[in-house]
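The values are calculated or read from the model by the stated rules, or taken from the named source; none is laboratory data. Keep in mind the model is a prediction, meaning the values are calculated, not measured. Because the Cβ atoms are built from the backbone with ideal geometry, glycine has one as well, and the counts that use them run over all protein chains shown. Just the protein is used for accessible areas: all its heavy atoms, side chains included, with ligands, DNA and RNA removed. Shrake-Rupley method; radii C 1.70, N 1.55, O 1.52, S 1.80 Å.
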Amino acid sequence: MIQITPLTDAIGACIDGVDLSQPVSESVQQQIRDAFLEHAVVLFPGQAISHEQQLAAARIFGEQGQLHRPREFQPKAYDALPPGIMMISNIREDGVPIGSLPDGEMMFHHDMIHREIPDKATLLYAVEIPSVGGDTWFASGYAAYDTLPDTWKTRLKGLRANHLYHYGSTKKGDDKGTPAFGTCSHPVVRTNHETGRKSLYVNRLMTDHIEGLDRTESDEILQFLFDHCEQDAFVYKHQWTIGDLVVWDNRCSMHARTDFPAGERRLLFRTTVLDTQPPM
Ligand code: SIN
């Protein structure tokens, strides 16, 4: 029997009673999709799944995504993985990380916000985790929008923000000399076309400026919004256990990672789900 338990008032639900190494019936898939739309983040604890089974889990939510990253920015170890599987890992071979986003803290962000059609969802499956830290935090963009004073809702109407990303960056300005891969503008307030709900769609890592405003005014608005969005009341803080699969909706949630000891191994497999239309 599938059981769905909210993890906080604002965001996240734990789904028990689903074994993703087995085929999942259409009615259970529908319950999972409904929980995903309602809670924005869903956790499946205690999974033991292969890459193919993780890709099948991604297809519950939509069309499986591929890696967008050009060859020269992909770790060599990806050659051994099926297309669509990415490693998030600090493990190194001959001094070179086998995965992406290897080290330490990561600021809040929405995956692929720098592209015209950002990914709908991301799935992360924990295989090795450090003894402390490396938690992933999820913030509800719905709660952030809903709690804005009306004056702010009016001020944000029609505004668009410009986003960019440097491969491997985990903190603003931490571009390690890589070129920004794409830059895109999207509405500051985004409506999730599947739920009709509005969420705030800017983040501290990747949002550069609000279009049409001078830098001072843009920075002032963004600083307020970043601080507002990241309030504890809107955040679910996930401490990983091996076998956890977490799926998040990038349209209405953002996520961040806490620091962890560099000498301890961390390995998670990541898959994505494509969206069907640009943010509106
Ligand atoms: C990510 O932002 O996709 C990685 C999150 C994590 O490593 O916890």
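Overview of values
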{"read-out": "Among residues of region 232-280, those that are assigned to a loop (DSSP other than H, G, I, E, B) and over 13 Å from Pro118 (Cα atoms), counted", "value": "15"}
{"read-out": "Residue in region 138-157 that is more than 16 Å from the ligand (Cβ to nearest atom), under 15 Å from the mean Cα position of the chain (by Cα) and part of a strand (DSSP E or B) present", "value": "yes"}
{"read-out": "Qualifying residue in region 237-249 (condition: open to solvent by 50 Å² or more (accessible area, probe 1.4 Å) and aromatic (Phe, Trp, Tyr))", "value": "no"}
{"read-out": "Evaluation of Leu274 against (1) open to solvent by 30 Å² or more (accessible area, probe 1.4 Å); (2) within 11 Å of the ligand (Cβ to nearest atom) (one fails), failing number", "value": "(2)"}
{"read-out": "Every pair of residues 6+ apart whose Cβ atoms lie under 7 Å, when the first sits in region 255-273 and is closer than 19 Å to Ala57 by Cα while the second is within 11 Å of the ligand (Cβ to nearest atom) and of a type in the set (Val, Ile, Thr)", "value": "Leu268/Ile88; Arg270/Ile88; Arg270/Thr122; Thr272/Thr122"}
{"read-out": "Pair list, Cβ < 8 Å and 6+ apart or interchain, from region 1-23 residues that are among the charged types (D, E, K, R) to residues that are crowded, with 18+ Cβ neighbours inside 10 Å", "value": "Asp19/Gln47"}
{"read-out": "Residue selected from region 158-174 under the condition open to solvent by 10 Å² or more (accessible area, probe 1.4 Å) and in a strand (DSSP E or B), by the criterion nearest to the ligand (Cβ to nearest atom)", "value": "Tyr165"}
{"read-out": "Test: residue in region 18-38 that is within 20 Å of Gly243 (Cα to Cα) and in contact with a Leu (Cβ under 7 Å, 6 or more places away or on another chain)", "value": "yes"}
{"read-out": "Identity of the residue in region 78-119, surrounded by 17 or more Cβ atoms within 10 Å (Cβ to Cβ), away from the ligand (no atom under 12 Å from the Cβ) and among the aliphatic types (A, V, I, L, M), that ends up farthest from Leu67 (Cα to Cα)", "value": "Ile98"}
{"read-out": "When residues of region 120-137 are limited to those that are of a type outside the set (A, V, I, L, M, F, W, C) and near the ligand (Cβ under 10 Å from one of its atoms), the one most open to solvent (accessible area, probe 1.4 Å)", "value": "Asp135"}
{"read-out": "Restricting region 185-204 to residues that are touching a Lys or Arg at 6+ places or on another chain (Cβ under 7 Å), part of a loop (DSSP other than H, G, I, E, B) and open to solvent by less than 10 Å² (accessible area, probe 1.4 Å), the residue that is nearest to Lys157 (Cα to Cα)", "value": "Val188"}
{"read-out": "Scan of region 206-221 for residues that are within 30 Å of Gly65 (Cα to Cα) and open to solvent by less than 10 Å² (accessible area, probe 1.4 Å), ordered by number", "value": "Met206, Thr207, Ile210"}
